[in-house]
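Comments concern the structure below.
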Amino acid sequence: MENWLYANQLIIYKAALSVVAIYLIILIYSRVFGLRTFAKMTSVDFAATIAMGSIFADVIGSTDYSILKGAVALGIIILLQTLYSLFIRKSSLFKKVATNTPYLLMKDGEILHKNLSKANVSIGDLYGKLREANVIEMKEVRAVVFEVTGDISVLHTRGDEPLAPELLEGVTE
């Protein structure tokens with residue numbers, strides 16, 4: 001009987017073997033399918049990474065979850081993620097339907113309040129990101145982008161250098 005202080009030796013051995021096996025399986029999958037397997041480039045990538053972590057935890061923590069079942073589940077999630085990214089690259093219609101677009105929250109020192117509302121970002125969150133980026137004055141900010149991953153990118157400078165337009169390609173103003 002397992003409790004929160006100790007566990008049966010067999011359960012400990014199974015957990016240790018499961019960790020090693022699933023870890024090796026993940027290494028193999030990431031080598032076969034590439035580094036994007038665990039990237040956080042889109043919300044789908046992020047969701048897939050969370051799902052993989054959940055499977056990893058289930059295999060390790062549950063006596064009802066086999067290593068083979070975990071390997072198959074991981075493989076299917078990674079395959080679906082790979083197909084998704086392939087369709088995004090190959091079909092502009094699929095990309096338009098299946099992906100979010102980043103929002104411009106600030107441009108040239110001006111806060112775009114309408115886009116803050118659309119992105120569900122508070123002014124306090126925006127100010128926090130500006131502080132993290134070491135912005136001293138609002139006029140330094142060339143652009144703040146709410147990325148599709150939920151990250152906020154702050155592009156700023158202390159001079160009057162213009163922002164390269166390609167950095168805002170695909171960003172909703």
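The values are calculated or read from the model by the stated rules, or taken from the named source; none is laboratory data. No experiment lies behind these values; they were computed from the predicted model shown. FYI the Cβ positions are ideal-geometry reconstructions off the backbone, even for glycines, and counts take in every protein chain you see. All accessible areas refer to the heavy atoms of the entire protein, side chains included, with ligands and DNA or RNA removed. Shrake-Rupley method; radii C 1.70, N 1.55, O 1.52, S 1.80 Å.
Observations
Per-residue answers, yes or no, for (1) among the hydroxyl-bearing types (Ser, Thr, Tyr); (2) touching a His at 6+ places or on another chain (Cβ under 9 Å); (3) modelled with pLDDT of 90 or more:
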position	(1), (2), (3)
74	no, no, yes
86	no, no, yes
107	no, no, yes
111	no, no, yes
122	yes, no, yes
128	no, no, yes
132	no, no, yes
172	yes, no, no
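- Applying the criterion of being surrounded by 11 or more Cβ atoms within 10 Å (Cβ to Cβ) and in a loop (DSSP other than H, G, I, E, B) to the residues of region 123-135, the residue that is farthest from the chain's Cα centre (by Cα) is 135.
- Residue 118 satisfies every condition listed in (1) assigned to a helix (DSSP H, G or I); (2) surrounded by 14 or more Cβ atoms within 10 Å (Cβ to Cβ); (3) touching a Ser or Thr at 6+ places or on another chain (Cβ under 9 Å) except (2).
- Residues (surrounded by 10 or more Cβ atoms within 10 Å (Cβ to Cβ), part of a helix (DSSP H, G or I) and not hydrophobic (A, V, I, L, M, F, W, C)) located in region 1-35: 13, 14, 18, 23, 29, 30, 31
- Of all residues in region 97-115, those satisfying the criterion of being open to solvent by less than 30 Å² (accessible area, probe 1.4 Å) and not aliphatic (A, V, I, L, M) are 102, 109, 115.
- Screening residue 140 with (1) open to solvent by less than 30 Å² (accessible area, probe 1.4 Å); (2) at pLDDT 95 or above; (3) farther than 30 Å from residue 83 by Cβ gives one miss only, at (2).
- Close pairs (6 angstrom Cβ cut-off, 6 or more residues apart or separate chains): in contact (Cβ under 8 Å) with a residue 60 or more places away in the chain in region 130-155, open to solvent by less than 50 Å² (accessible area, probe 1.4 Å) anywhere: 148/42; 148/102
- Matching option when the condition is closer than 20 Å to residue 170 by Cβ, out of contact with any Pro (no Cβ under 6 Å at 6 or more places or on another chain) and charged (D, E, K, R), among 107, 14: 107
Yes/no matrix, rows are residues, columns are (1) assigned to a helix (DSSP H, G or I); (2) open to solvent by 40 Å² or more (accessible area, probe 1.4 Å):
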{"site": "40", "(1), (2)": "no, yes"}
{"site": "46", "(1), (2)": "yes, yes"}
{"site": "50", "(1), (2)": "yes, yes"}
{"site": "54", "(1), (2)": "yes, yes"}
{"site": "59", "(1), (2)": "yes, no"}
{"site": "63", "(1), (2)": "no, yes"}
{"site": "71", "(1), (2)": "yes, no"}
{"site": "74", "(1), (2)": "yes, no"}
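- Some residue of region 88-100 being modelled with pLDDT under 90, in a loop (DSSP other than H, G, I, E, B) and closer than 19 Å to residue 170 by Cβ: yes
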